[in-house]
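Working notes, structure below.
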Amino acid sequence: MRDNNLDWAHLSFGYIPTDYNVRCTFKDGKWGEIEVSQSETINMHIAATALHYGQEIFEGLKAFRGADGKVRIFRLEENAKRIVESAKGVMMEPVPVELFKKMVVEAVKLNSRFIPPYGSGASLYIRPIELGMSAQIGVNPSTEYVFMVLVTPVGPYFKEGFKPTNICIMREYDRVAPKGTGRWKVGGNYAASLDAGVKAHDLGYSAVLYLDPREKKYVDECGPANFFAIKDGKYITPASESILPSVTNNSIMQLARDMGIAVEERHIPLEELSQIQEAGACGTAAVASPVAEIHDLDNGTKYIVSKDGQPGEITTKLYNRLRAIQLGEEPDTHGWNTIVEGI
Ligand SMILES: *Cc1c(COP(=O)(O)O)cnc(C)c1O
């Protein structure tokens, strides 16, 4: 048995082996039986399309042990639907929503001893992944696919607490093309963002704030997360053909509306950053990470978002509300949680 005697409150956002993963293969035009595996490796053809032509898509979601001891998976259905869109985007076989949900629940159940306890700030990160498996040297979609779900416990994203960080703008990089793969959760998008991301980290920034790849006029994706800002009491977030529709952003927008905050999904011209009172990056890993300053490295402009270095009031409220729903501390009025019975 693998070690689950972990220092829950101090886990990083890394990979810790768990007991099982679940797998399913699409072959001869149909999905097979769900297999439970204890192996951390896969056996694949050296000419598989995932390796040569980037037929690889994934998801990321979390399970939490709640205040009442129950285990909740946050927005399972939304992630199931999104991977279908990603599959269509790069001509892979879509995983049926019901199969996706069943496999995620099974992976969580099988590894329940790795779900961090309530109060630790940690959670069980769930990583569904699909790969094109058949041998092709000509550029063609695969006819065989494998879909797998692995899980790993992860710590609170903010090692130093919920504190704003600085992000930067660098025009010499785009992570995706207009009408390209940015709308889908494709591994290649991450490869395309590594060079800029590592450069930004080396310069002390937590992420790159990309501009729209068509005109470089509007704010786009914030590294591997969606960008949002608070301007005159409104929640604004980019409408763009090149960003991934974040489930977290979608949830925060709903919570904002619930609180009576107006939500605008629209183009955000770069210059508007001088008029915002709060900003943040949102995604499953961190929920919302507040932004202190945005530095435009090409012209030296500095947008000082947080004057006192503290997270903004509305950002903090939204963050706390979402966390409380995930942890079962507040009512789940939108039915976002899937409670996993029997663990
Ligand atoms: C996964 C991801 C996000 C965040 O999406 P969530 O569903 O909120 O986790 C945002 N942008 C990119 C590029 C991503 O890959």
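The values are calculated or read from the model by the stated rules, or taken from the named source; none is laboratory data. Quick caveat: nothing in here was measured; it's all calculated off a predicted structure. FYI the Cβ positions are ideal-geometry reconstructions off the backbone, even for glycines, and counts take in every protein chain you see. Remember, those area values only see protein heavy atoms, side chains included, never the ligands or the DNA or RNA. Shrake-Rupley method; radii C 1.70, N 1.55, O 1.52, S 1.80 Å.
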*asked:* Cβ-Cβ distance below 7 Å, separation of 6 or more or different chains: which pairs start in region 282-305 with a residue that is at pLDDT 95 or above and end on one that is open to solvent by 50 Å² or more (accessible area, probe 1.4 Å) and within 10 Å of the ligand (Cβ to nearest atom)?
replied: 283/224
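Can you work out which of the residues in region 205-226 that are in a strand (DSSP E or B) and among the charged types (D, E, K, R) is farthest from the ligand (Cβ to nearest atom)? Lay out the reasoning, then the answer.
Restricting attention to region 205-226, the residues satisfying the condition of being in a strand (DSSP E or B) are 207-211, 218-222, 225-226.
From what is left, the residues that are among the charged types (D, E, K, R) are 220-221.
Numbers: 220: 10, 221: 5 Å.
Out of the qualifying residues, it is 220.
Is it the case, given these coordinates, that residue 320 is open to solvent by 10 Å² or more (accessible area, probe 1.4 Å), on the phi < 0 side of the Ramachandran plot, free of Cβ contacts under 8 Å to residues at least 60 places away in the same chain and not in a loop (DSSP other than H, G, I, E, B)?
So residue 320 fits the description; yes.
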*Which ones in region 236-283 are under 15 Å from residue 207 (Cβ atoms) and in contact with a Lys or Arg (Cβ under 8 Å, 6 or more places away or on another chain)?*
238, 243, 244
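Identify, please: which residue in region 28-37 is part of a loop (DSSP other than H, G, I, E, B) and out of contact with any Lys or Arg (no Cβ under 9 Å at 6 or more places or on another chain) and is, among those, surrounded by the most Cβ atoms within 10 Å (Cβ to Cβ)? Walk me through it before giving the result.
The first filter runs over region 28-37 and keeps only residues part of a loop (DSSP other than H, G, I, E, B), leaving 28-29, 32-34.
Next, from what is left, pick out any that are out of contact with any Lys or Arg (no Cβ under 9 Å at 6 or more places or on another chain): 28-29, 32-33.
Values: 28: 8, 29: 7, 32: 12, 33: 7.
Among those residues, the one meeting the criterion is 32.
Quick one: which strands (runs of 3 or more DSSP E) lie wholly within region 253-297 and hold at least 1 residues that are touching a Gly at 6+ places or on another chain (Cβ under 8 Å) and open to solvent by less than 20 Å² (accessible area, probe 1.4 Å)? Talk me through it step by step, then tell me what you get.
On the way: elements: 263-266, 278-283, 287-296.
Qualifying strands (runs of 3 or more DSSP E): 278-283, 287-296.
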_Cβ contacts < 8 Å: first residue free of Cβ contacts under 8 Å to residues at least 24 places away in the same chain and open to solvent by 20 Å² or more (accessible area, probe 1.4 Å), restricted to region 57-84; second residue away from the ligand (no atom under 11 Å from the Cβ) and not in a loop (DSSP other than H, G, I, E, B), any location; separation 6+ or different chain. Result?_
81/97; 84/97
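Kindly provide the set of residues from region 191-200 that are within 14 Å of the ligand (Cβ to nearest atom) and either more than 19 Å from the chain's Cα centre (by Cα) or open to solvent by 80 Å² or more (accessible area, probe 1.4 Å) (or both), ordered by number.
Within region 191-200, the first condition is being within 14 Å of the ligand (Cβ to nearest atom), and the residues that meet it are 191-194, 196-197.
Answer for region 191-200, where residues must be within 14 Å of the ligand (Cβ to nearest atom) and either more than 19 Å from the chain's Cα centre (by Cα) or open to solvent by 80 Å² or more (accessible area, probe 1.4 Å) (or both): just 194.
Output the strands (runs of 3 or more DSSP E) that fall wholly within region 44-83 and possess 1 or more residues being more than 13 Å from the ligand (Cβ to nearest atom) and either touching a Ser or Thr at 6+ places or on another chain (Cβ under 8 Å) or at pLDDT 95 or above (or both), or say none. Steps first, answer last, please.
Values: elements: 56-58, 61-65, 71-74.
It comes to 61-65, 71-74.
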*Evaluation of residue 183 against (1) within 16 Å of the ligand (Cβ to nearest atom); (2) of a type outside the set (A, V, I, L, M); (3) open to solvent by 50 Å² or more (accessible area, probe 1.4 Å); (4) under 29 Å from residue 17 (Cα atoms) (one fails), failing number*: (4)
*asked:* Can you find, within region 227-240, the residue that is nearest to the ligand (Cβ to nearest atom) among those that are among the small types (Gly, Ala, Ser) and crowded, with 24+ Cβ neighbours inside 10 Å?
replied: 240
*Would you mind stating whether residue 83 is touching a helix residue (DSSP H, G or I) at 6+ places or on another chain (Cβ under 6 Å) and β-branched (Val, Ile, Thr)?*
no
_Which pairs turn up if I take residues in region 115-138 that are on the phi > 0 side of the Ramachandran plot and look for partners that are assigned to a loop (DSSP other than H, G, I, E, B) with beta carbon separation below 6 Å, at least 6 apart in sequence or on another chain?_
121/156
*Assess whether residue 243 counts as being near the ligand (Cβ under 9 Å from one of its atoms), hydrophobic (A, V, I, L, M, F, W, C), open to solvent by 10 Å² or more (accessible area, probe 1.4 Å) and touching a residue at least 40 places away in the same chain (Cβ under 8 Å).*
yes
*For region 85-100, which residues satisfy the criterion of being touching a Cys at 6+ places or on another chain (Cβ under 9 Å) and open to solvent by 10 Å² or more (accessible area, probe 1.4 Å)?*
99
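How many of the residues in region 126-159 are of a type in the set (Ser, Thr, Tyr) and crowded, with 22+ Cβ neighbours inside 10 Å?
As a first pass, look at region 126-159 and keep what is of a type in the set (Ser, Thr, Tyr): 134, 142-143, 145, 152, 157.
Those left that are additionally crowded, with 22+ Cβ neighbours inside 10 Å: 142, 145.
So the count comes out to 2.
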_Only listed residue being in contact with a strand residue (DSSP E or B) (Cβ under 9 Å, 6 or more places away or on another chain), within 16 Å of the ligand (Cβ to nearest atom) and in contact (Cβ under 8 Å) with a residue 24 or more places away in the chain, chosen from 26, 100_ = 100
